[in-house]
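For reference, the structure discussed in these notes is given below.
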Amino acid sequence: MYPVLSKWAESYKQKTGTMVNYQAVGSGGGIAQIKAKTVAFANSDMPLKPEYLGKDHLVQFPVMPMPRKITWLTAK
């Protein structure tokens, strides 16, 4: 996941001038960070159950096809 997101971030920066800082901290770390609102987005290969999404005001959607499901989490 990291190689793809780092390329996307570089392309986005070139087109918009806005830097995206993506750090591969693992699914558990990403989920913890998005719940703590210390990041604007996170990735996970562990989709969250709907009750957790609602409780933490998160949305998730697939980012890219992979052998494992990769989920993008963001605050509502």
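The values are calculated or read from the model by the stated rules, or taken from the named source; none is laboratory data. Keep in mind it's a predicted model, so treat the numbers as computed, not measured. All Cβ positions, glycine included, derive from the backbone under ideal geometry; neighbour counts span all protein chains shown. Calculation scope for accessible area: heavy atoms of the full protein, side chains included, ligands and nucleic acids excluded. Shrake-Rupley method; radii C 1.70, N 1.55, O 1.52, S 1.80 Å.
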Inset, instruction - Could you grab me the full set of residues in the range 49-64 that are outside any loop (DSSP other than H, G, I, E, B) and under 21 Å from residue 3 (Cβ atoms)? - result: 61, 62
Legend entry - Output for the range 35-48, where each listed residue is outside any loop (DSSP other than H, G, I, E, B) and closer than 15 Å to residue 20 by Cβ: 41, 42, 43
Inset, instruction - Report, ordered by the first and then the second residue, all pairs with beta carbons closer than 7 Å, sequence separation of six or more or different chains, a first member in the range 33-59 that is at negative phi and open to solvent by 60 Å² or more (accessible area, probe 1.4 Å), and a second member that is of a type outside the set (Asp, Glu) and part of a helix (DSSP H, G or I). - result: 46/27
Legend entry - Those residues of the range 1-22 which are open to solvent by less than 100 Å² (accessible area, probe 1.4 Å) and part of a helix (DSSP H, G or I), in sequence order: 3, 4, 5, 6, 9, 10, 11, 13, 16
